[in-house]
Amino acid sequence: MKKFEFTIAGNRYNVEIKDFEDSIAQINVNGTAYEVEVHQEVKKSKTPKLVRKPVVREEGEGAVPQKATGAGAIKAPLPGNIFKVNVAVGDTVAHGDVVIVMEAMKMENNVLAVKGGVVKSVKVAVGDSVLQNDILIEFE
């Protein structure tokens, strides 16, 4: 495998490493075979190990809370694209119902009804892009 020349206390040694497995090396020193154990310091990683607490998810995961509006409308909580519309004109919704699912920041976000009522108009369709505070649904 590898050949080395060492000089120790004025004496020259020709060392050839024949085999190296785990911590045992088969070597020849000036033509004489030896089996030696190699002691190596265990290297520790300098990179700290990241330990995270488990995430506990509750019912309504991904829900975006709405602020109550006096006009009876649901506004977009953040910019994004409309992924799914769960209501139509004339539907009755209750407080906390998921009325729209929008995609924002590469995540699906549930938009909830703040109060109950009857849907007067739906201002968006699937695939529409909306900005924050755009009106999505109006109530009677």
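Every number in this text was worked out from the coordinates using simple rules, so none of it is lab data. Everything quoted here is computed from the prediction, not taken from an experiment. Note: ideal-geometry Cβ built from the backbone for every residue, glycine included; neighbour counts use all protein chains shown.
Counting neighbouring beta carbons within 10 Å and listing from fewest to most, the residues 139, 4, 20 come out as 4, 20, 139.
Classified by the C-alpha gyration tensor, the chain has a prolate form. Its axis ratio a/c, with a ≥ b ≥ c, is 1.5 or above, and a/b is larger than b/c.
Scalar couplings 3J(HN,Hα) for region 81-94, obtained by applying the Karplus form with A = 6.51, B = -1.76, C = 1.60 to θ = phi - 60°, are 10, 6, 9, 7, 10, 9, 10, 9, 4, x, 5, 9, 10, 10 Hz; x denotes Gly and Pro. Normalised by the number of residues in the chain, the average gap of Cα pairs under 8 Å and 6 or more apart makes the relative contact order 19 percent. With Cα atoms defining each centre, region 1-50 and region 86-120 are spaced 70 Å apart in the structure.
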